[in-house]
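The values are calculated or read from the model by the stated rules, or taken from the named source; none is laboratory data. All values reported here derive from a predicted model rather than from experimental measurement. So basically every Cβ, Gly included, is an ideal-geometry build from the backbone, and we count neighbours across all protein chains shown.
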Amino acid sequence: MTRQGALDPASGLYFTEHGSASHPAIVLTHSILADGRMWDRQVAWLAKEYRVINVDLPGHGQCPLVPGGVSLASLADGIVKLAAARGLESFHYVGVSLGAMIGYELATRRSTWLASMVACDAPPFAPDNYPALWEARISRAQRDGTAALVEETLQRWFTPQTLARRPDYVEELSETIAQTSAEGFEHCALAISRFDYRDALRACTVRTTLVAGESDGTIPEALQALAAQMPNAVWCEIPGAGHLPNLENPDAFDAMLRRHLSS
């Protein structure tokens, strides 16, 4: 799919837009070390019924760095600024990993903008080891570039079966990871090294689907428990998938997303 978009001056975010402006809007956001291309399959069918805004976050894809760095709050505010600049009053929101963490910020602080939310493969709080874990990765990226993070990132994202059977994923995403600037990675990694949305999400009334690949460590258990505590949330596990279920099991992911949008 052609990636011809624009940089929005109000938010500093790069975006592509697909579908009719008369359709309901949906905003897609990606994980750290990825970009909006990870949603290409979903954009292809969503654009038939929705106005799709597909975002590249700062320092990723075609989006430049934001001077001074970013936070989950500033990224959420950027999504709102982009939506306002495009003339939207509300939108469905779909995010995976970093994108889902931005969704938590939107749902708990800017909820009037959300028609609904799909949050994929992101814990509702940063475990105690997150600051040290991300600092170690930042140090490697600063020293050797983001190419040094390719192998461990792919192993974290995908099951061993997918890595063995889908060399196309390995090649394309290896390039995406390696092309991400070390500073862009650093800014976003620092943004997600400390956060806790548990209490705020338990009070959040936004219609939500919490999603995780079944092989994504402890995240499925955490999100299943969270869904039971939120007043308007449902839980969906994607079989045969790890951290990026929209890529690893797109059929199951698309079925979930269709159910969410039609409910």
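To keep it simple, each residue is scored yes or no on (1) crowded, with 22+ Cβ neighbours inside 10 Å; (2) acidic (Asp, Glu); (3) outside any strand (DSSP E or B).
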position: VAL150; (1), (2), (3): no, no, yes
position: ASP168; (1), (2), (3): no, yes, yes
position: CYS188; (1), (2), (3): yes, no, yes
position: LEU201; (1), (2), (3): yes, no, yes
position: ALA222; (1), (2), (3): no, no, yes
position: ASN246; (1), (2), (3): yes, no, yes
Inset, instruction - Name the one entry in ALA182, ALA225, ALA191 that is within 27 Å of ALA25 (Cα to Cα) and hydrophobic (A, V, I, L, M, F, W, C). - result: ALA191
Legend entry - Boolean, SER97 is at pLDDT 95 or above, polar (S, T, N, Q) and either in contact with an Asp or Glu (Cβ under 7 Å, 6 or more places away or on another chain) or more than 30 Å from ARG198 (Cβ to Cβ) (or both): yes
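Limited to the range 203-220, what total is found for residues that are assigned to a helix (DSSP H, G or I) and either in contact (Cβ under 8 Å) with a residue 40 or more places away in the chain or among the hydroxyl-bearing types (Ser, Thr, Tyr) (or both)? It would help to see each step written out before you state the result.
Taking the range 203-220 and keeping what is assigned to a helix (DSSP H, G or I), we get 219-220.
Next, from what is left, pick out any that are either in contact (Cβ under 8 Å) with a residue 40 or more places away in the chain or among the hydroxyl-bearing types (Ser, Thr, Tyr) (or both): 219.
Residues meeting the conditions: 1.
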Inset, instruction - Search the range 112-138 for residues being touching a Ser or Thr at 6+ places or on another chain (Cβ under 9 Å) and among the acidic types (Asp, Glu), and hand back the single one that is surrounded by the most Cβ atoms within 10 Å (Cβ to Cβ). - result: ASP121
Legend entry - Answer from ALA25, ALA76, ALA44 - the residue that is under 18 Å from ASP121 (Cα atoms), touching a residue at least 24 places away in the same chain (Cβ under 8 Å) and either out of contact with any strand residue (DSSP E or B) (no Cβ under 9 Å at 6 or more places or on another chain) or surrounded by fewer than 23 Cβ atoms within 10 Å (Cβ to Cβ) (or both): ALA76
Inset, instruction - Please name all residue pairs, on different chains or six or more residues apart, with Cβ atoms under 8 Å, provided the first residue is in the range 53-73 and is under 15 Å from VAL96 (Cα atoms) and the second residue is assigned to a loop (DSSP other than H, G, I, E, B) and of a type in the set (Phe, Trp, Tyr). - result: LEU72/PHE195
